[in-house]
1. Would you mind telling me which numbered condition in (1) touching a helix residue (DSSP H, G or I) at 6+ places or on another chain (Cβ under 8 Å); (2) assigned to a helix (DSSP H, G or I) ILE70 fails?
2. State which residue pairs qualify: first residue within 15 Å of ALA24 (Cα to Cα) and inside segment 51-64, second residue open to solvent by 100 Å² or more (accessible area, probe 1.4 Å) and not in a helix (DSSP H, G or I) in any location, beta carbons under 9 Å apart, and separation of 6 or more residues or different chains.
3. Please count how many residues of segment 18-38 are outside any loop (DSSP other than H, G, I, E, B) and either within 13 Å of LEU61 (Cβ to Cβ) or of a type in the set (Gly, Ala, Ser) (or both).
4. Which residues, taken from segment 46-64, are open to solvent by less than 100 Å² (accessible area, probe 1.4 Å) and either assigned to a helix (DSSP H, G or I) or acidic (Asp, Glu) (or both)?
5. Within segment 26-42, identify whether any single residue is within 16 Å of ILE70 (Cα to Cα) and touching a His at 6+ places or on another chain (Cβ under 8 Å), and answer yes or no.
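The values are calculated or read from the model by the stated rules, or taken from the named source; none is laboratory data. Remember, predicted model here, so these are calculated numbers, not experimental data. Cβ placement follows ideal geometry from the backbone for every residue including glycine, while neighbour counts extend to all protein chains displayed. SASA here: full protein model, heavy atoms, side chains in, ligands and nucleic acids out. Shrake-Rupley method; radii C 1.70, N 1.55, O 1.52, S 1.80 Å.
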Amino acid sequence: MHVINKTAVKFPNLGLKKTKARYAILHIFEEEKRPLDVVEIIQYLSKHDIHVNRTTVYRMLETFLGKGII
């Protein structure tokens, strides 16, 4: 899975709001060199005081895939 550098991603230009959760998820994919599941992503977010539910993470991932971000 290839991730565009988060500094190059312009969320507003893609029709997306800038949120801590979105940036954190991009950061996870930039740092990790292995596949991750949604539970691991939620755990990472929770450790960084970013609380989102499972459905939200799935939606973000689907959006990132659809926009070609990941």
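1. Single failed check for ILE70: (2).
2. That search, which allows pairs on different chains as well, returns nothing.
3. 8
4. Of everything in segment 46-64, those that are open to solvent by less than 100 Å² (accessible area, probe 1.4 Å) and either assigned to a helix (DSSP H, G or I) or acidic (Asp, Glu) (or both) turn out to be SER46, THR55, THR56, VAL57, MET60, LEU61, THR63, PHE64.
5. Let us first name the residues in segment 26-42 that are within 16 Å of ILE70 (Cα to Cα), namely 26-38, 41.
The next check asks that each one be touching a His at 6+ places or on another chain (Cβ under 8 Å); those that pass are none.
No, segment 26-42 has no match at all.
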